[in-house]
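A short worksheet on the structure shown next.
The values are calculated or read from the model by the stated rules, or taken from the named source; none is laboratory data. Everything numeric here is computed off the predicted structure, so don't read it as measured data. Cβ sites come from the backbone with ideal geometry, for glycine too, and all protein chains shown count toward neighbours.
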Amino acid sequence: MNSIAVSLLIFSSLLILSYICNADSEKERTLAMIKPDGLLGNYTDDIKKTIIRSGFGIVREMMIQLDEEKAKLFYAEHSAKSFFPDLVRYMMSGPVLVMVIEKYNAISDWRSLIGPTDAKQAKISHPNSIRAMCGSSTERNCVHGSDSRLSAAREISFFFKDISAEALKHDEL
């Protein structure tokens, strides 16, 4: 093999290695929601401070009152479950604050920060989590977080129609 071929092989290998190493280094975006009990319990400022202190950026936010149709659509994946009617009523019981937040590994980091779905369990196993701070049960757990990239894309576009799927993975220029 001549020196040009070796140089091209090395250059190609470095490009591939660079791509592999940087593939997960782009900032992710996910949906964070403060549910009615979080807003009505005056936890909004504490939750937002926790988000910022944990290295997230808040890209967009909007306070909204969900009606029955929107609540049912947002939680459609749970429609066959026995708790669905109570969940819909709860989500309509007051306004929610929806936010698009971003950082590296945003989805998993946000899920870790909010803690287990059951707020009573969170108080024991994850006492510094957001759900331990302001949740009271599995149903009234104060916050929501997307559980995957697919869910994040669907949930962000549900509330923020102008944010495209392409923008969910944010490139720093």
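Observations
- The set of residues from the range 79-130 being out of contact with any strand residue (DSSP E or B) (no Cβ under 6 Å at 6 or more places or on another chain) and acidic (Asp, Glu) comprises ASP86, ASP109, ASP118.
- Residue check: LEU66 meets all listed conditions (1) touching a Gly at 6+ places or on another chain (Cβ under 6 Å); (2) assigned to a loop (DSSP other than H, G, I, E, B) but one, namely (1).
- Residue list for the range 56-87, restricted to those being under 25 Å from SER108 (Cβ atoms) and surrounded by 13 or more Cβ atoms within 10 Å (Cβ to Cβ): PHE56, GLY57, ILE58, VAL59, ARG60, GLU61, PHE74, TYR75, HIS78, LEU87
- Between PRO127, PRO116, the distinction of being out of contact with any Ser or Thr (no Cβ under 7 Å at 6 or more places or on another chain), assigned to a loop (DSSP other than H, G, I, E, B) and either at pLDDT below 95 or over 15 Å from LEU31 (Cβ atoms) (or both) belongs to PRO127 only.
- Residues satisfying the criterion are present in the range 91-103 (criterion: within 21 Å of LYS27 (Cβ to Cβ), surrounded by 14 or more Cβ atoms within 10 Å (Cβ to Cβ) and not aliphatic (A, V, I, L, M)).
- Selection of first residues in the range 79-90 that are under 18 Å from ASP37 (Cβ atoms) and of second residues that are hydrophobic (A, V, I, L, M, F, W, C), restricted to Cβ pairs under 8 Å at least 6 apart or on distinct chains, gives the following pairs, ordered by first then second residue: LEU87/ALA71; VAL88/ALA71.
- Qualifying residue in the range 124-134 (condition: crowded, with 16+ Cβ neighbours inside 10 Å and more than 20 Å from the chain's Cα centre (by Cα)): no
- Any hit, the range 40-49, residues being in a helix (DSSP H, G or I), in contact (Cβ under 8 Å) with a residue 40 or more places away in the chain, in contact with a Cys (Cβ under 7 Å, 6 or more places away or on another chain) and of a type in the set (Gly, Ala, Ser): no
- Of the listed requirements (1) at pLDDT 95 or above; (2) loosely packed, with under 14 Cβ neighbours inside 10 Å, GLU155 misses just one: (2).
- Given (1) in contact with a Ser or Thr (Cβ under 7 Å, 6 or more places away or on another chain); (2) of a type in the set (Val, Ile, Thr); (3) more than 14 Å from HIS144 (Cβ to Cβ), number of the condition ILE101 does not satisfy: (3)
- Some residue of the range 11-24 being modelled with pLDDT of 95 or more, of a type in the set (S, T, N, Q) and either surrounded by 15 or more Cβ atoms within 10 Å (Cβ to Cβ) or over 18 Å from MET92 (Cα atoms) (or both): no
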